[in-house]
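The values are calculated or read from the model by the stated rules, or taken from the named source; none is laboratory data. For clarity, every value in this text was computed on a predicted model and none was experimentally measured. Methodologically, a virtual Cβ is constructed for each residue, glycine included, from the backbone with ideal geometry; neighbour enumeration extends over all protein chains shown. When the accessible area is computed, the model is the full protein with side chains, heavy atoms only, and any ligands, DNA or RNA have been set aside. Shrake-Rupley method; radii C 1.70, N 1.55, O 1.52, S 1.80 Å.
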Amino acid sequence: MEETEAVAYTITGGSGQYSYSKNSNFQRKAADAAKELINKSIAEKLDADILSSSNTFRLADLGCAAGPNTFVAVQNIIDALEQKFQNQEKISHPPEFQVFFNDHASNDFNHLFTTLPQERRYFAVGVPGSFHGRIFPRASLHFVHSSYAANVFSRLPKEVMDRKSPAWNKGRIHYSNSTDEVVKAYETQYAKDMESFLKTRAEEIVHGGLLALIVPGRPNGTPHSEAFVNRTCEVLGSCLVDVANKGMINNELVDSFNVGTYFASPQEMEAVVKRQGCFSIEIIESVPLERARPKEISSTLRAGMGGTIKEHFGEEILDELFDLFYKKLEENSSFIYDSGNAISLFVLLKRVATE
Ligand SMILES: C[S@@+](CC[C@H](N)C(=O)[O-])C[C@H]1O[C@@H](n2cnc3c(N)ncnc32)[C@H](O)[C@@H]1O
């Protein structure tokens, strides 16, 4: 069987009712919650040599979307870097900052560029392309940040799409409520993608440079089926089945639709970093997520996944699907929230010399 197509969940651009820019407060709260850890990362873990090694400090945000959260995250990093610089007596000339905003080429970069903060103290560059491949020159970056993006696969595991495979994911769109074979296929894809993501970043980041990842995750020891993020995917899947049962779409379309994201535990993340070997783990923390209301979850998912769902199932189902999703979230709020297992994983890695 051929490889599956690359996954690209392009968010809804612009500034309309369903746009990411108007419906990404959920991810914004995750970035806000990580602010103290970003400050700590730069104050305590960034070697002063890295700040003084070049006239230009190069920083990248991978999976930046169309704003505005990326501007907040970047500003937090720049503020912490400037603070660190002021505390370093040895450095006479502050570096200038260059910020690379990366996302898929299909991202609304026009919206991103036209809404760049006027008062920014950095030079902005757009970098189109998948971060699962090389997108920067060798050893060119000092700090890489990525929030709520590295949990997205490069491609779907092909077994889950294969009717003849025991891992065929019939009637479901994700792994947490599925068979052991499907769970295994997702776990394997996560390990493969994350290892290759780290290997690729290791080529692009200077020795001593930092990689800060914020991803939705699940606490150690929590089964996949009990994680908040997995449960919301499960409810969305059941709504697609309902829409199919109403005759609005064919059941086979549901069978062939799978969401290529994985929500790792700190232990899984640690294991893959150690196996890959090019980074040391400087900080790894679970950051509790503030409880989001059903309306917010529904509009966040529509802004993030609406385009992909439209492409697969057609535009006609979008209103019906997301109304149903919102109602089911309300009706099943104890299922969604009671486990209390809603976290972001904050991981700070340092590029170490390996040879
Ligand atoms: C949920 S949004 C998060 C955006 C932003 N970082 C934030 O916190 O608001 C995920 C973003 O990651 C991007 N993304 C996912 N996989 C990607 C890949 N392989 N390469 C580049 N961008 C990717 C998506 O296109 C989307 O814009």
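The table below gives the values:
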| item | result |
| --- | --- |
| Candidates Val259, Val272, Val287, filtered to the one that is β-branched (Val, Ile, Thr) and in a helix (DSSP H, G or I) | Val272 |
| Test set (1) modelled with pLDDT under 95; (2) buried (at least 19 other Cβ atoms within 10 Å of the Cβ); (3) not polar (S, T, N, Q) - Pro288 fails condition number | (2) |
| Residue within region 327-336 that is open to solvent by less than 30 Å² (accessible area, probe 1.4 Å) and either of a type outside the set (A, V, I, L, M) or in contact with a His (Cβ under 7 Å, 6 or more places away or on another chain) (or both) present | no |
| Residues located in region 208-256, provided they are part of a strand (DSSP E or B) and buried (at least 19 other Cβ atoms within 10 Å of the Cβ) | Gly209, Leu210, Leu211, Ala212, Leu213, Ile214, Val215, Pro216, Gly217 |
| Pair list, Cβ under 6 Å, 6 or more apart: region 89-118 residue under 25 Å from Arg134 (Cα atoms), other residue away from the ligand (no atom under 16 Å from the Cβ) and open to solvent by 20 Å² or more (accessible area, probe 1.4 Å) | Glu96/Thr56; Gln98/Thr56; Gln98/Arg58; Gln98/Phe123 |
| Matching option when the condition is in contact (Cβ under 8 Å) with a residue 40 or more places away in the chain and touching a Cys at 6+ places or on another chain (Cβ under 7 Å), among Ala202, Ala191, Ala139, Ala150 | Ala202 |
| Cross-chain or 6+ apart pairs with Cβ under 7 Å, region 1-24 first and away from the ligand (no atom under 13 Å from the Cβ), then among the hydroxyl-bearing types (Ser, Thr, Tyr) and assigned to a loop (DSSP other than H, G, I, E, B) | Ser15/Ser21; Tyr18/Thr12 |
| Test: Ala65 is within 16 Å of the ligand (Cβ to nearest atom), out of contact with any Cys (no Cβ under 8 Å at 6 or more places or on another chain), open to solvent by less than 20 Å² (accessible area, probe 1.4 Å) and in a loop (DSSP other than H, G, I, E, B) | yes |
| Pairs, first farther than 19 Å from Ala353 by Cα in region 267-280, second open to solvent by 50 Å² or more (accessible area, probe 1.4 Å), C-beta under 6 Å, six or more apart | Gln267/Asn220 |
| Checking Leu348 against (1) within 24 Å of the chain's Cα centre (by Cα); (2) within 25 Å of Ala264 (Cα to Cα); (3) open to solvent by 20 Å² or more (accessible area, probe 1.4 Å), the condition it does not meet | (3) |
| Of all residues in region 109-146 being of a type in the set (Phe, Trp, Tyr) and farther than 18 Å from Pro95 by Cα, the one that is farthest from the chain's Cα centre (by Cα) | Phe113 |
| Filtered residues of region 68-81 (kept if open to solvent by less than 50 Å² (accessible area, probe 1.4 Å) and away from the ligand (no atom under 14 Å from the Cβ)) | Ile78, Ala80, Leu81 |
| Filtered residues of region 17-62 (kept if assigned to a loop (DSSP other than H, G, I, E, B) and open to solvent by 10 Å² or more (accessible area, probe 1.4 Å)) | Gln17, Tyr18, Tyr20, Ser21, Lys22, Asn23, Asp47, Ser53, Ser54, Asn55 |
| Strands (runs of 3 or more DSSP E) wholly inside region 93-196 containing at least 1 residues that are of a type in the set (D, E, K, R) and either open to solvent by less than 20 Å² (accessible area, probe 1.4 Å) or within 23 Å of Asn76 (Cα to Cα) (or both) | 96-103 |
